[in-house]
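As structure tokens, the structure follows; a few thoughts come after it.
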Amino acid sequence: MRPSSGVERRTLSTKCPLDVGRTGSLRAAALQDITDLTGYEMYVTAYPCPMCLGALYYATPDRVVYAATREQEGEHYDDGNRYMSLRTFYDEYAKPIGEQNLPLVQGNVTDPTAPFRRWSALND
């Protein structure tokens, strides 16, 4: 079954993996200068994917109401690639870094926290 059209699955038209329902909705809110969702509720078709869930934690809505569980959605739609699928993503994400399918290595950087200290100094 193909995913629904419109904002919920813009990835079909834009080919951008970031254009999924919740992040698209948050982007639309930001264009209206709404970046803190305190006082708002979000209604979504299914339990948010990890990317959307992270964005929702940053946006801080009062509540997120979802219709379908991950398992229910997975019966009709599978979004995945060579590293994960909808069914395996949460388990994959919980693995220690060295055991995840996506190769992740820390680069050799003299002072990896310098950008964060600079940002803090500019924003205190």
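Computed from the coordinates by the stated procedures, all read-outs in this text should not be read as laboratory data. Keep in mind it's a predicted model, so treat the numbers as computed, not measured. Cβ coordinates were reconstructed from backbone atoms using ideal geometry, including for glycine residues, and neighbour counts include every protein chain displayed.
Brief remarks follow.
- Positions within segment 55-85 being within 17 Å of ILE34 (Cα to Cα) and not in a strand (DSSP E or B), in sequence order: ALA55, LEU56, TYR57, TYR58, ALA59, THR60, PRO61, ASP62
- Number of residues in segment 55-65 that are surrounded by 18 or more Cβ atoms within 10 Å (Cβ to Cβ) and among the charged types (D, E, K, R) equals 0.
- Condition met for GLN106 (on the phi < 0 side of the Ramachandran plot and not in a loop (DSSP other than H, G, I, E, B)): no
- Looking only at residues of segment 19-54 that are assigned to a loop (DSSP other than H, G, I, E, B) and in contact with a Ser or Thr (Cβ under 7 Å, 6 or more places away or on another chain), we find that the one that is surrounded by the most Cβ atoms within 10 Å (Cβ to Cβ) is VAL20.
- Looking at ALA121, ALA94, just one residue is closer than 29 Å to SER25 by Cβ, exposed (fewer than 12 other Cβ atoms within 10 Å of the Cβ) and small (Gly, Ala, Ser), and that residue is ALA94.
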